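> First the structure, which I've put down as structure tokens, then a few questions once you've had a look.
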Amino acid sequence: MLTSRVAQKFQEIFASNGALLVRSPGRVNLIGEHTDYNNGFVLPAAVDKTISLAIERRSDDELHLFAMDLGQSYRGPIRPPLTPSALHWPNYILGIVEQLQERGFTIGGFNCVFAGDIPLGAGMSSSAALENAVIFAINRLFELGLDPMTMVRLSQKAENEFVGLQCGIMDMFASMFGRKEQVIRLDCQSLEYTYFPFKAPGLRILLLDTQVEHSLASSEYNVRRQQCEAGVKLVQRHHPAVKSLRDVTLEMLAAHVAPVDELVWRRCSFVVEENERVLSGTEDLLRGDLAAFGEKMYASHEGLSHKYEVSCAESDWLVGQVKGVAGVIGARQMGGGFGGCTINLVKAEVIDGLVARIAPEYKRVMNRDLKWYIGQIEDGTSVV
Ligand code: GLA
């Protein structure tokens, strides 16, 4: 098991059995993409792919870190100012330390070993899982008394400010607040959230991994965010009370954005429509109308592909291959985009046949190996 491997490695490196062990999951998102940073709605869940971490206080002010999957170590002082590391992965940890220091918490040095089985670059939020694991562990270790939502916000700020990706709150939230067999609808404006049971007999979440590694920070992600802000500014000229795309209607966009900037209109109308799909999609789930929910997933993909333009040939192809197949309820690209996974709601009994058919074709057409995972919905960040 992942956690025991991490604990054993910690013991090997630091000659101590006393480490605190924390696990923090990756996430899936059923629907509601690129809505979180627009104050909209999302419908994620934590999954059974995790980061496991072992951590213990040091008696000095040093950080000694070891990333097991990469076989890389990092050592440095914990006192500010912290400087980003060229290794990249330490920045998720340093970013958390910086956020805590900026809020006036004095924390001492620590030793830390971590490993994970969340596929990297697959849109399943391995970075949020790591940030949450770190802040959750430090909170315990140094008895900081932070509540879960504060930890989520600090993880997000660490990513925004230290790593440099202007991501929203969804990934950290889902990883921290996940609950077994429940999806969570989060209102990213008020931060109110509701759990919905997600347990239909024989229903599975199948993730098809394009193996196109998305590199969000260097990609168009931050550009999309700016385009949404540009749309809000155009609407605000006529509706000064509008604060975000959450307050914007398709009519406002048609009147005030479409005539000025067609591209910005397309981006913003996707977001407004996607919010609507989350709200009506949760109603479908509550009624048990999976077919209607599945249609919304396909519509979400259409929008991601043509209006928001964050998909890629591989994920378009994968969604095209499953659409209309008996036992497939819905599919769409998941996460930030430009690769990563498609999320497919499917009946358990069709999975083997589906994958056996698609994988060789994917290799032939896209010249890439297809990977797939079945996502089980699990609890959020916790001490092991
Ligand atoms: C990434 C970001 C999230 C969210 C999604 C798109 O996963 O980290 O905040 O914006 O993309 O829905």
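Each value in this text was obtained by applying a stated rule to the coordinates, not by laboratory testing. The shown structure was predicted, so the numbers you read here are calculated from the model rather than taken from an experiment. Note that each Cβ is placed from the backbone with ideal geometry, even for glycine, and that neighbours are counted across all protein chains shown.
> Looking at region 121-168, which GluC sites (Glu not before Pro) are in a loop (DSSP not H, G, I, E or B) and have at most 10 other Cβ atoms within 10 Å?
On the way: sites: Glu131, Glu143, Glu159, Glu161; in loops: Glu143.
Passing both the DSSP loop test and the Cβ count: Glu143.
> What FRET efficiency comes out for Val383 versus Glu361 if R0 is 41 angstrom and r is the Cβ-Cβ distance? Round to the nearest 0.05.
The pair Val383/Glu361 has a calculated efficiency of 0.40.
> Just to confirm a number: summing +1 for Lys and Arg and -1 for Asp and Glu over residues other than Pro119 whose beta-carbon lies under 12 angstrom from that of Pro119, what do you get? List each step's numbers first, then the result.
Details: positive: Lys49, Lys371; negative: Asp69, Asp117, Asp209, Glu213.
Taking every other residue near Pro119 into account, the sum is -2.
> Report the paramagnetic label zone for Thr150: residues of region 103-119 whose backbone N is under 11 Å from a point 7 Å from Cα along the Cα-to-Cβ axis.
103-105
> Find how many whole Å separate the alpha carbon centroid of region 111-157 from the alpha carbon centroid of region 287-360.
If we compute the Cα centre of each part, the gap is 29 Å.
> Then there's this: Using a 10 Å cut-off on Cβ atoms, rank the peptides 17-23, 365-371, 295-301 from the highest mean neighbour count down. It would help to have the intermediate numbers written out before the result.
Values: 17-23: 18.6, 365-371: 13.3, 295-301: 22.0.
Per-residue mean Cβ counts within 10 Å order the peptides as 295-301, 17-23, 365-371.
> Still on this structure, please answer the following. Between Gln236 and Lys199, what is 0.36 nm times their sequence separation minus the Cα-Cα distance? Round to one decimal in nm. Don't skip to the answer; put the middle values down first.
On the way: separation 37, 0.36 × 37 = 13.32 nm, distance 4.23 nm.
Length difference between fully extended and current span is 9.1 nm.
> In addition: Quick one: length gained pulling Gln226 to Leu191 fully straight, 0.36 nm per residue minus the C-alpha distance? Could the numbers behind the result be given before it?
Details: separation 35, 0.36 × 35 = 12.60 nm, distance 2.22 nm.
Additional length available on full extension: 10.4 nm.
> Could you pull out the pairs from Lys157/Lys199; Lys323/Lys371; Lys9/Lys199; Lys199/Lys296 whose alpha carbons sit more than 28 Å apart here?
Numbers: Lys157/Lys199 33 Å; Lys323/Lys371 19 Å; Lys9/Lys199 37 Å; Lys199/Lys296 19 Å.
Pairs exceeding 28 Å: Lys157/Lys199; Lys9/Lys199.
> Counting other Cβ atoms within 10 Å, keep those with at most 12, restrict to DSSP loop, and tell me which GluC sites (Glu not before Pro) in region 190-243 are left. Walk me through the numbers on the way to the answer.
Numbers: sites: Glu192, Glu213, Glu220, Glu229; in loops: Glu192, Glu213, Glu220.
Of the GluC sites (Glu not before Pro), the ones in loops of region 190-243 whose Cβ has at most 12 other Cβ atoms within 10 Å are Glu192.
> Excluding residues fewer than 8 places away in the same chain, name every one of the lysines whose C-alpha is closer than 18 Å to that of Lys243.
Straight-line reach from Lys243, under 18 Å: Lys233.
> For the chain, what does the helix formula give at 222 nm: sum of -39500 (n - 2.57) over DSSP H segments with n ≥ 4, over the residue count, nearest 500 deg cm²/dmol? Present the calculation step by step, with values, prior to reporting the outcome.
Working: 11 runs with 149 residues, N = 384.
Per the formula, -12500 deg cm²/dmol.
> Subtracting the Cα-Cα distance from 0.36 nm times the residue separation, let me have the gained length for Glu213 to Ile374 in nm, one decimal.
Details: separation 161, 0.36 × 161 = 57.96 nm, distance 1.92 nm.
Between Glu213 and Ile374, full extension yields an extra 56.0 nm.
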